[in-house]
Amino acid sequence: MGSVIYRSLCMESPSSHNTFVFSDAINSKYIIDLYAGDYVMIEETFADVLHEYDSFVERIVTNYQEKDIPALKSAIHKIKPLFGFVGLTGLQTRCLHFENSCMDASDAQLAESFSPLRQQLLEARAIIEKEKIRLTAFNNH
């Protein structure tokens, strides 16, 4: 019986006993469920999101500055799923609310809601980048 337990323990991967602890900004349960605990896939997804992130945010800022509201709404719509892929579900919801209010908001209302959203978009990049670095270290352990 002891040899069965020993063989079972030896066959498991070394990282199967470890759980990655995401930062508080990340919805851990959501992302672990989404990727079935595949931390390599999560790391690759974070890398993919980072690769595209700056161009998405640049498009949003440019559309806002040009007061092209339909294009702004579209750009917000396109970045929104990225936040789900990396577990930033709160920011994903905030983007949804902004997107839904875009067409009906006055310039003043739009400016009032865009400013904090823009700040969160900029902060989100740093969060994603930090988690990607930590995931890489975790996966290489």
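Which entries in the list LYS67/LYS130; LYS29/LYS130; LYS80/LYS132; LYS29/LYS80 go over 27 Å, if you measure between the two C-alpha atoms of each?
LYS67/LYS130
R0 = 30 Å: FRET efficiency of ASN139 with THR89, Cβ-based, nearest 0.05?
The pair ASN139/THR89 has a calculated efficiency of 0.85.
What does the charge count near CYS95 come to, summing +1 for each Lys or Arg and -1 for each Asp or Glu among other residues with Cβ under 13 Å from its Cβ?
Value of the local net charge: +4.
Per residue, what accessible area does the chain have, given a 1.4 Å probe and all protein chains present, in Å²?
61
Using Cα atoms only, what is the angle between the long axis of helix 107-139 and the major principal axis of the chain, expressed in degrees (0 to 90) to the nearest 10?
On a 0 to 90 degree scale, this one is about 20.
Computed FRET efficiency, Cβ-Cβ of GLN65 and ALA36, R0 30 Å: what is it to the nearest 0.05?
Given R0 = 30 Å and the Cβ-Cβ separation, E is 0.15.
For the chain, give the percent of accessible area contributed by carbon and sulfur heavy atoms, probe 1.4 Å, rounded to a whole number.
The C+S portion of the solvent-accessible surface of the chain is 56 percent.
Using helices alone, I'd like the mean residue ellipticity at 222 nm for the chain: each DSSP H run of four-plus residues gives -39500 (n - 2.57), total over residue count, nearest 500.
The helix-only estimate for the chain comes to -25500 deg cm²/dmol at 222 nm.
Dimensions of the stretch 9-141 along principal axes (Cα, Å, largest first)?
Taking the Cα atoms of the stretch 9-141, the three principal extents are 63, 22, 19 Å.
Against the longest principal axis of the chain, how steep is helix 39-65, in degrees 0 to 90 to the nearest 10, with axes from Cα atoms?
Value to nearest ten degrees: 10.
The values are calculated or read from the model by the stated rules, or taken from the named source; none is laboratory data. The structure displayed is predicted, hence computed values, not measured ones. Cβ atoms come from the backbone with ideal geometry, glycine included; neighbour counts cover every protein chain shown. Accessible surface is based on the protein model in full, side chains and every heavy atom, while ligands, DNA and RNA are left aside. Shrake-Rupley method; radii C 1.70, N 1.55, O 1.52, S 1.80 Å.
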